[in-house]
Amino acid sequence: MQIKTMAEYFANGETPEVLFWVGCAGSFDQRAQKITRAFAAILDKAGIPFAILGKEEGCTGDPARRAGNEFLFQMMAYSNIQLLNNYGVKSIVTACPHCFNTFRNEYPQLGGTYEVVHHATYLQQLIDGGRIKMKEGGTFKGKKITYHDSCYLGRANGIYEAPRQVLETLDAELVEMKRCKSKGLCCGAGGAQMFKEEEKGNTRVNFARGHEAVATDASVIAANCPFCMTMLTDGVKEAGKEEEVKVLDIAEMIEQNMQ
Amino acid sequence: MQIVYQLLFLTALGVAVWLFTRRALGIRRNILLGRNVELNDRPAERWKNLLLLAFGQKKMFRNPLVAVLHFFVYAGFIIINIEILEIMIDGLAGTHRIFAPVLGRLYLVLIGCFEILAVLVAVSCAIFLVRRNILKLKRFISKDLDGWPRSDANYILLTEIVLMLLFLTMNAADQALQARGAEHYITTGDFWVTSQFAPLFSGLSDSALIAVERGAWWLHILGVLAFLNYLPFSKHLHIILAFPNAYYTDLRPKGKMENMPAIQQEVLYAMQPELAANAPVSDTVPKFGAKDVQDLTWKNLLDAYACTECGRCSAACPATQTGKALSPRLIMMKTRDRLEEVGRNIRQHGSATTDNKSLLRDHITEEELRACTTCNACVEECPVSINPLHIILQMRRHLVMEESSAPQEWNMMFSNIENNMAPWKFSPDDRDAWIQ
C-alpha cells in the first residue's frame, strides 16, 4: 500500500481528496496502529486519493487542554493550524473522536476551519455512496455485536447513528448495552485520564464498562476510538473474557469484510 | 371585624413580598459576582429551550414515570396560581370567591380542575416521599444529601401535601356551607372532588364549619406566603430559576471548551514577536481559570442556585458510579454553599474576601476535580441545563496554570507533547512507523 504525505502531494502540485489525520494514539499505540492500517487500507481499496502529514503531524492538544494546560493547547493548535493552512487543507478524516472534536469545535475559533469527519461517518458515506462494497456473508454474519459509544463522538457531538449504520452492513446482530447512546457510560480515558492513574474508588471505570459490555453476551465489542479500545480491552480482560470477546474498531471490521 | 382581617392579610402579604424581594435581590447580587459572559445570541433557539426544557420538561421525560408525577406537581403549581390570585383579591377586598359570579359555569370547571390537580399533586408528593424515604433510591440516599439537603427535600414535599389538603378542606367546608345556604357563601354548584366529602361535616354547627373553612383559608394562604420565603433558601428555588437557566443554556456543542483569549494572545505573541512589540500595554494581570466563585461565570453561579439536587448528574457520572470522590451534584451544591458564604461576607463586612477561603480546597478538593473524564454525562442528564463540567474545567485550569499543580504523570504528558508532539515519549520521527 502506497501512502503519500501531504508534503509529497504538495511538491507535485497535487491535492488529495482528504487528509487522514492519524492522531498520536493511531501513530504510536501498537493496538491503535492496526486501526490506522485498516482505515488506510480501506481508503486505498476504495481508491480515494488521501494524504497523511507523517512526521509533521502533532498532538491536537486535546489532553493538555482538558487537563487544564491551555497554554500548551494553544501552542499545539497554532502550529497545527499553521501547517494545515499552509498546505491548503480543506477536508480531514480521523479515526480519533478526540482529534475530531478538537478540529470540529475548537480550532475554528483559532483560525483553523476545515470540513472534518470522524471515520465512522466517513465509512457510512463511502458505503452509502457505493465506494465500499461488502462481501456476502462476512466474518461477522449472525454474530452478536455490541457498540460502545465514545463520549466525544456521541454526547460531545451528537453522532450516534452513523457507526451503528456501518455495523449494520456486517449482517450481524447488534445488541445494545444497558447504557447506550446519550446515556452511554464513559470508557474512563477522556479528560486526560488516559495519561494518569485513576483516582481511588471502588472500581475502575473501564472495568465497570467491560463488565457491562460482556453482559450483553456479544462476541465483539465495536469501538470507534483508540482510547476506548485500550480501556475496553483491559476491561474485558479483567472480566476474564479476553478469549471469547474481541474488541475491534469499526474500521477493522469493515476492512475485513469489504470486497 | 372584616376590616381587621383585610388589614391582617395586607400586612402578611406585604411582609412576605418584602422579605422575598430582599432575598431575591441578594441572590441576584451574588450571581452577578461571576465574570461576564455574553449569552444573548440566537434568541430563537433560546426561547425554544425555554419552552422545551422548562415549560415542556423535556429532559424529565428521559424517565417517563417520574416525569409524569413531576408534571402533575409542576402543572399544579402553575395552574393553581389562578386560585391563589382569587384568594389574594378576596383577602384584600374582603370578598368571597370573587371570580364565581363573573365566570359562572367556567368557575366550576376551573375549581374542578384545580381540585383534581390538588389531589394529583398530593398523591405525587406522597409517592416522592416514599421513593426517598422508604424505597431509598440510590441517588436519594447518597451521602451527598446528608443533613440539611435531605430534610429540605422532605419539608418541601410535606408542605406541598399540607397545602393541597388545606385547599381541599377549605372547599369541602365551603360546599357544606353552600348547601346550608349560609350567608356570604355564594352558591357555585358542586365542586368535582370536594362535594363528595361535604357530608363529612354534617355534624358540625354553622359557626364551627365557618371556623374550619376560614381556618383552612388562612392556613393555606399563610402557608403559601411562608413557602414563598422558604424557596430561596432551598433547592426548591429551581421552580423559578429553571426558566432563566433554560434560556441561558450553553448553545455550543458539548465537546467545545471555552476559549481563553488572554492565552491565545500570549501564544500569538510568542509565535510572532513582531506583534508583541506593538501590543498595547496592560497593567492588569489576567487570572487563569477559577479558584473562587468570582472567577466562574454568572451562568455557573445561576446554575448553582437552579440546582435541585436531584442527582441525575451523579447517577450518570462514571466517577461517582465507581466510587470516586467526584459527584457533579456536590460540585453544584458546594458552589452554591461558597457563594452564599461570600454573600454573607459582603453583607457583614462589605467585602467578599474577608475569610481567606476559596471554592477550591475549602469546598471542592483537587481529588474531585482530577476524577472527571469530561464525558458530559452530567451535562446531558440535567433537566434544567446545569453544566457542572464547565466549573470543573475552569478549576483544573487554575490548578495547572496558576499553581502548577498536576499529577506527575500529567506533567510528563505535558512535556512529551511539548517536546515530542505526542503525549507519549516517542520520537516524532517514528510517527509514520505504522506504515511498515
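The values are calculated or read from the model by the stated rules, or taken from the named source; none is laboratory data. Quick caveat, the model's predicted, so the values are computed rather than measured. Neighbour counts are summed over all protein chains in view; Cβ atoms, including those assigned to glycine, are modelled from backbone coordinates with ideal geometry. For the accessible areas, the whole protein counts, side chains as well, though only heavy atoms, and no ligand, DNA or RNA atoms are used. Shrake-Rupley method; radii C 1.70, N 1.55, O 1.52, S 1.80 Å.
Looking across B:Pro286, B:Pro253, B:Pro273, one residue alone is touching a Gly at 6+ places or on another chain (Cβ under 8 Å), open to solvent by 20 Å² or more (accessible area, probe 1.4 Å) and either without any contact (Cβ under 8 Å) to a residue 60 or more places away in the chain or not polar (S, T, N, Q) (or both). It is B:Pro253. Selection of region B:389-431 for residues being more than 8 Å from every other protein chain (Cβ to nearest Cβ), in contact with a helix residue (DSSP H, G or I) (Cβ under 7 Å, 6 or more places away or on another chain) and either in a loop (DSSP other than H, G, I, E, B) or open to solvent by 40 Å² or more (accessible area, probe 1.4 Å) (or both) yields B:Ser405, B:Lys425, B:Ser427. The set of residues in region B:347-383 being of a type in the set (A, V, I, L, M, F, W, C), surrounded by 23 or more Cβ atoms within 10 Å (Cβ to Cβ) and either part of a loop (DSSP other than H, G, I, E, B) or touching a strand residue (DSSP E or B) at 6+ places or on another chain (Cβ under 8 Å) (or both) consists of B:Ala371, B:Cys372, B:Cys375, B:Cys382.
Taken over region A:171-192, the residue count meeting the criterion of being open to solvent by less than 10 Å² (accessible area, probe 1.4 Å) and more than 21 Å from B:Arg312 (Cα to Cα) is 2.
Under the condition of being among the small types (Gly, Ala, Ser) and free of Cβ contacts under 8 Å to residues at least 40 places away in the same chain, which residue from region B:326-379 is farthest from the other protein chains (Cβ to nearest Cβ)? It comes out as B:Gly350. Residues in region B:46-58 that are open to solvent by 30 Å² or more (accessible area, probe 1.4 Å) and either over 24 Å from B:Cys310 (Cα atoms) or part of a helix (DSSP H, G or I) (or both): B:Trp47, B:Lys48, B:Asn49, B:Leu51, B:Leu52, B:Phe55, B:Lys58.
Rundown of residues vs (1) farther than 30 Å from B:Tyr74 by Cα; (2) part of a loop (DSSP other than H, G, I, E, B), yes/no style:
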residue: B:Phe167; (1), (2): no, no
residue: B:Asn171; (1), (2): no, no
residue: B:Gln178; (1), (2): yes, no
residue: B:His184; (1), (2): yes, yes
residue: B:Gly189; (1), (2): no, yes
residue: B:Gly203; (1), (2): yes, yes
residue: B:Ala208; (1), (2): yes, no
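When A:Gln82 is tested against the conditions (1) touching a helix residue (DSSP H, G or I) at 6+ places or on another chain (Cβ under 6 Å); (2) without any contact (Cβ under 8 Å) to a residue 24 or more places away in the chain, the lone failure is (1). Working only within region B:81-104, note down all residues that are in contact (Cβ under 8 Å) with a residue 40 or more places away in the chain and part of a helix (DSSP H, G or I). Listed by number, the residues that qualify are B:Glu83, B:Ile84, B:Ile87, B:Met88, B:Gly91, B:Leu92, B:Ala93, B:Ala100, B:Pro101.
Quickly run through region B:292-351 and pick out the residues that are of a type in the set (D, E, K, R) and closer than 21 Å to B:Lys136 by Cβ. Selection gives B:Glu309, B:Arg312, B:Arg329. Collect the residues in region A:114-155 that are hydrophobic (A, V, I, L, M, F, W, C) and either part of a loop (DSSP other than H, G, I, E, B) or under 16 Å from A:Gln259 (Cβ atoms) (or both), keeping them in residue-number order. Result: A:Leu123, A:Leu126, A:Ile127, A:Ile132, A:Met134, A:Phe140, A:Cys151, A:Leu153.
Among the candidates B:Phe71, B:Phe114, B:Phe77, B:Phe61, single out the residue that is among the aromatic types (Phe, Trp, Tyr), assigned to a helix (DSSP H, G or I) and crowded, with 19+ Cβ neighbours inside 10 Å. Can you show your working first?
Values: B:Phe71 fails: crowded, with 19+ Cβ neighbours inside 10 Å; B:Phe77 fails: crowded, with 19+ Cβ neighbours inside 10 Å; B:Phe61 fails: crowded, with 19+ Cβ neighbours inside 10 Å.
Just a single option satisfies the conditions, and that option is B:Phe114.
Among the residues of region B:308-328, those identified as under 10 Å from B:Glu381 (Cβ atoms) and either open to solvent by 30 Å² or more (accessible area, probe 1.4 Å) or of a type in the set (D, E, K, R) (or both) are B:Arg312, B:Ala315.
Summed over region A:42-54, the residues that are within 11 Å of another protein chain (Cβ to nearest Cβ) and either assigned to a helix (DSSP H, G or I) or over 15 Å from B:Gln436 (Cα atoms) (or both) give a count of 2. Only a single item in (1) more than 20 Å from A:Phe28 (Cβ to Cβ); (2) of a type in the set (Val, Ile, Thr); (3) touching a residue at least 40 places away in the same chain (Cβ under 8 Å) is not met by A:Ile52, and it is number (1). Which residue pairs have Cβ atoms under 9 Å apart, sit 6 or more places apart or on different chains, and have a first residue in region A:98-109 that is farther than 12 Å from A:Trp21 by Cα and open to solvent by 10 Å² or more (accessible area, probe 1.4 Å) and a second that is assigned to a helix (DSSP H, G or I) and among the polar types (S, T, N, Q)? Pairs that qualify, where the first residue is farther than 12 Å from A:Trp21 by Cα and open to solvent by 10 Å² or more (accessible area, probe 1.4 Å) and the partner is assigned to a helix (DSSP H, G or I) and among the polar types (S, T, N, Q), are A:Gln109/B:Gln264.
If you filter region A:134-159 down to residues that are under 28 Å from A:His98 (Cα atoms) and open to solvent by 40 Å² or more (accessible area, probe 1.4 Å), you find that the one that is nearest to the other protein chains (Cβ to nearest Cβ) is A:Gly158.
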